[in-house]
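Down below is the structure, laid out as structure tokens.
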Amino acid sequence: MSILALSGVPQSLIESLQRTCAATPIEVQYKRFPDGEQYLRILAKPVPPVTVVQSIYPDQDRKLVELYLALEALNGLDVHEVNLVITYMAYARQDKRFLEGEPISVKALYMPLKLYKIKKILTLDIHSIKIPEILGLNIRNVLPHAYLVEKAEINIDFVLSPDKGAIHRAQVLAEKKKVAFDYLEKYRDRTTGEITVTPRELNVKGMNVAIVDDIISTGGTIAKATQILRKLEANKVYAIVTHALISEKTIETLSNVGLDMLITSNSIRHPEKLPPWIRVIDVGELLCKELNEMI
Ligand code: R5P
């Protein structure tokens, strides 16, 4: 197998994918034209199958264009056995028209994948499980929360979804760990972006609770859930979140509410210096195993 790891993929993930998939790296030349347009060239015809890996973050728009340029370049080289791993799928949160006049962004941006007859498509914790159906594509979606918990070597007694709509993530982890799970009711004002998370009676006193989610953006969702768990006298509060889009502000928000640990994956590039309570776990081995299991 050859791996074409594009420029959005963190170096740690490129290395672990190459190692665990025993794959040969494909060399790519990148250039930018004076007007800002992107150029890439695959320097030698790769040995199939070729697995293209991209993380669409940040600059999301450029990383997406880069992905399509790479797929077209492989097509031009007559490489027809192509797999795709998207470690972070930007624009996936706009998977419906929340307000009249909005686009379904995930449709607008990923429908062109259909032009390339890609053999296997693997995503890491895609925002909504409805997306494969929306796109009409056969996608294997990997939920990494149990893997992250295992690698971080933490003990959990209870799993909490901060949002009823995302309860499947909590359920999968809870079943693997043989613990109970529940959810909170979250409401986001689509115009102001403000989040309200409704407290509920949960029997978590003295327990180590894992809040699971796909994305941290402002940190508001995890912060509100942490505050509720603190009031309910949980012991340790962990956030197990696949994609942590970390900024200084997010770090401040989460440390102010006393989150014990944030465990996330290397699906995207992170700042070099992170506080000790944020742990980034490499998911190369997990992705490689899941890719190999796909028929
Ligand atoms: C929303 O539906 C997602 O699953 C996340 O809960 C959300 O993106 C988190 O955003 P924030 O960190 O800004 O609350």
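Each residue of segment 139-154 was assigned a 3J(HN,Hα) from its phi angle through the Karplus curve 6.51 cos²θ - 1.76 cosθ + 1.60 (θ = phi - 60°); the sequence is 10, 9, 9, 9, 9, x, 4, 5, 5, 5, 5, 5, 5, 7, 6, 10 Hz, with glycine and proline shown as x.
Computed 3J(HN,Hα) for segment 74-84, one whole-Hz value per residue from the Karplus formula 6.51 cos²θ - 1.76 cosθ + 1.60 where θ = phi - 60°, is 5, 4, x, 8, 6, 8, 9, 9, 10, 10, 9, glycine and proline marked x.
Counting only DSSP beta bridges with both residues in segment 32-167, tell me the antiparallel percent, nearest 5. All intermediate terms of the calculation are to be shown ahead of the outcome.
On the way: 1 of 15 bridges.
The antiparallel proportion sits near 5 percent.
Distances between placed amide hydrogens fall under 5 Å for V204 paired with no residue 5 or more residues away or on another chain. Here the Karplus relation 6.51 cos²θ - 1.76 cosθ + 1.60, evaluated at θ = phi - 60°, turns the backbone of segment 235-251 into coupling constants of 7, 8, 10, 10, 10, 10, 10, 4, 10, 9, 7, 7, 10, 3, 5, 4, 4 Hz, with x for every Gly and Pro. GNM, the chain, Cα, under 10 Å: largest mean-square fluctuation among F98, F181, F33? Comparing F98, F181, F33 in the GNM, the peak value goes to F33. The charge dipole of segment 145-282, taken about the Cα centre with unit charges on the Cβ atoms of Lys, Arg (+1) and Asp, Glu (-1), comes to about 80 debye, rounded to the nearest 20. Ordered by the count of other Cβ atoms within 10 Å of each Cβ, fewest first, D213, D282 give D282, D213.
When only the Cβ of Lys, Arg, Asp and Glu is charged (+1, +1, -1, -1), the dipole of the chain relative to its Cα centre reaches about 260 debye. Computed on the Cα trace of the chain, the radius of gyration divided by the Kirkwood hydrodynamic radius gives Rg/Rh = 0.98.
In percent, what relative contact order does the chain have, based on Cα pairs under 8 Å that are 6 or more apart in sequence?
Numbers: 574 pairs, mean separation 48.0, N = 295.
Contact order relative to length: 16 percent.
Between amide H atoms placed 1.01 Å from N, distances below 5 Å from R279 occur with L262, I263, T264, all of them 5 or more places distant or on a separate chain. Exposure proxy for K177, K107, K114: other Cβ atoms within 10 Å of each Cβ, ordered fewest to most, give K114, K107, K177.
When averaged across all projection directions, what area in nm² does the alpha-carbon convex hull of segment 2-142 cover?
On the way: hull surface 36.1 nm².
That works out to 9.0 nm².
Just report the Cα centroid separation between segment 103-164 and segment 232-295, whole Å. Computed from Cα coordinates, the inter-centre distance equals 16 Å.
If you wrap the Cα atoms of segment 145-282 in a convex hull and average its projected area over all directions, you get 7.8 nm². Helix 11-20 and the longest principal axis of the C-alpha atoms of the chain enclose an angle of approximately 70°. Once backbone amide H atoms are built at 1.01 Å from N, I3 has T24, I26, T51 as its partners under 5 Å, excluding neighbours fewer than 5 places away on the same chain. Under a model in which nothing but the beta-carbon of Lys, Arg (+1) and Asp, Glu (-1) is charged, segment 49-121 shows a dipole of about 260 debye around its Cα centre. Sorting 224-236, 199-211 by average packing, meaning the other beta carbons within 10 Å per residue, from highest down gives 224-236, 199-211.
Only the coordinates and a few stated rules stand behind these numbers; no lab work does. Computed from a prediction, not measured in an experiment: that's the story for all the values here. Every residue, glycine as well, gets a Cβ built from its backbone with ideal geometry; the counts of neighbours run over all protein chains shown.
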